[in-house]
Amino acid sequence: MLDRYIVIGNPISHSKSPFIHTAFAQQTRQAMEYAALLAPLDGFKATVKNFQLLGGKGMNITVPFKLEAYRLSTRLTERANVAQAVNTFRFDGDGILGDNTDGIGLVRDIESNLSIPIEGKRILLLGAGGAARGVILPLLQKKPLQLSIANRTRHKAEALKIQFDVYGNITAGNFTEFSGKKFDIIINATSAGLHDELPIIPVDIFIHANLVYDMMYSSKPTRFLALATQNGASRIADGIGMLVEQAAESFYLWRNIKPQTKPIIALLKALI
Ligand code: NDP
């Protein structure tokens with residue numbers, strides 16, 4: 001019997017997690033299988049419980065269930081507790097350990113894979129959903145000069161500022177409030193791209209950016225990254241590296257083995 005894992009979300013057909021975890025399992029010779037499962041928008045808890053009852057060992061959680069996953073966890077790692085968002089479950093008997101590996105995935109991609117230090121940088125984070133929550137603490141732990149959080153719905157950005165203020169220098173607002181400001185690193189953590197939309201942002205924010213990072217990914221530059229390039233961004237990166245790095249950290253939580261990420265990132269980039 002192979003140990004069973006899934007990624008659960010809505011939508012889910014775009015997910016590359018089954019490919020990544022299957023490659024990790026082959027690389028590290030683990031007896032496991034990993035699939036994608038669509039959960040109804042009002043059926044997250046029932047879908048999780050059913051998979052757990054059937055003997056599932058763990059799962060990844062993606063849009064839009066990360067906050068619900070936090071509430072469903074019976075134990076939390078410290079980073080998931082601070083983020084109040086969960087992207088990884090490990091089933092320990094009847095219990096559910098909730099973790100959040102998004103932040104470490106993003107930081108490893110920016111610093112190790114893209115070789116851009118975060119310390120001393122001015123960072124703009126667009127979005128205030130589950131992904132944004134997960135990356136704030138790991139970003140602040142790298143000691144940026146400032147972290148600005150901008151969101152379409154302003155009060156959600158403000159709530160994150162209040163929640164994370166003790167960990168670093170944070171400002172918050174809606175998108176237009178950051179027009180004319182200088183940023184070194186801009187990170188798109190909105191889900192606009194999933195619906196083929198663009199966040200309505202002032203394009204002058206891109207002029208000084210050394211890195212514009214989109215957590216989304218696609219075969220050609222995402223609409224967000226194309227907009228950044230047209231408006232002066234000197235370097236762009238999509239979320240493939242983060243995706244593989246966060247997956248590697250989930251894999252480590254489940255299997256206690258760290259897979260090599262660089263060959264899988266290269267493989268995925270060639271396939272997409
Ligand atoms: P959530 O549903 O939790 O949050 C969505 C966020 O996007 C909210 O801040 C929302 O703003 C904003 N948003 C949605 N549509 C628009 C729009 N048209 N214009 C402006 N803002 C918009 O999603 P997640 O935080 O979980 O995921 C966000 C993105 O990050 C997704 O695309 C996901 O695929 C990606 N991601 C990638 C990862 C990777 O490893 N590469 C890992 C995790 C996430 P509002 O509050 O106003 O509704």
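The values are calculated or read from the model by the stated rules, or taken from the named source; none is laboratory data. Given the structure is predicted, the values throughout are model-derived calculations rather than measurements. Ideal geometry is used to build each Cβ from the backbone, glycine not excepted, and the neighbour counts take in all protein chains shown. Only protein heavy atoms, including side chains, enter the accessible area calculation; ligands, DNA and RNA are left aside. Shrake-Rupley method; radii C 1.70, N 1.55, O 1.52, S 1.80 Å.
There is no residue in the range 78-89 that is surrounded by 18 or more Cβ atoms within 10 Å (Cβ to Cβ), assigned to a helix (DSSP H, G or I) and acidic (Asp, Glu). Within the range 29-51, being touching a residue at least 60 places away in the same chain (Cβ under 8 Å) and either farther than 19 Å from Gly93 by Cα or open to solvent by 60 Å² or more (accessible area, probe 1.4 Å) (or both) holds for one residue alone: Gln30. Of the residues Gly58, Gly120, Gly105, the single one that is out of contact with any His (no Cβ under 7 Å at 6 or more places or on another chain), under 30 Å from His208 (Cα atoms) and either open to solvent by less than 20 Å² (accessible area, probe 1.4 Å) or at pLDDT below 95 (or both) is Gly105.
Scan the range 218-272 for residues that are buried (at least 17 other Cβ atoms within 10 Å of the Cβ) and hydrophobic (A, V, I, L, M, F, W, C) and the total you get is 18.
Per-residue answers, yes or no, for (1) surrounded by fewer than 19 Cβ atoms within 10 Å (Cβ to Cβ); (2) within 21 Å of Val203 (Cα to Cα); (3) touching a residue at least 60 places away in the same chain (Cβ under 8 Å):
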{"site": "Arg133", "(1), (2), (3)": "no, no, yes"}
{"site": "Leu140", "(1), (2), (3)": "no, no, no"}
{"site": "Leu147", "(1), (2), (3)": "no, yes, no"}
{"site": "Ala150", "(1), (2), (3)": "no, yes, no"}
{"site": "Lys156", "(1), (2), (3)": "yes, no, no"}
{"site": "Leu160", "(1), (2), (3)": "no, no, no"}
{"site": "Ile170", "(1), (2), (3)": "no, no, no"}
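The strands (runs of 3 or more DSSP E) found entirely in the range 130-219 that carry 3 or more residues being within 19 Å of the chain's Cα centre (by Cα) and outside the structural domain of Arg71 (by TED's automatic domain parsing) are 146-150, 185-188, 211-214.
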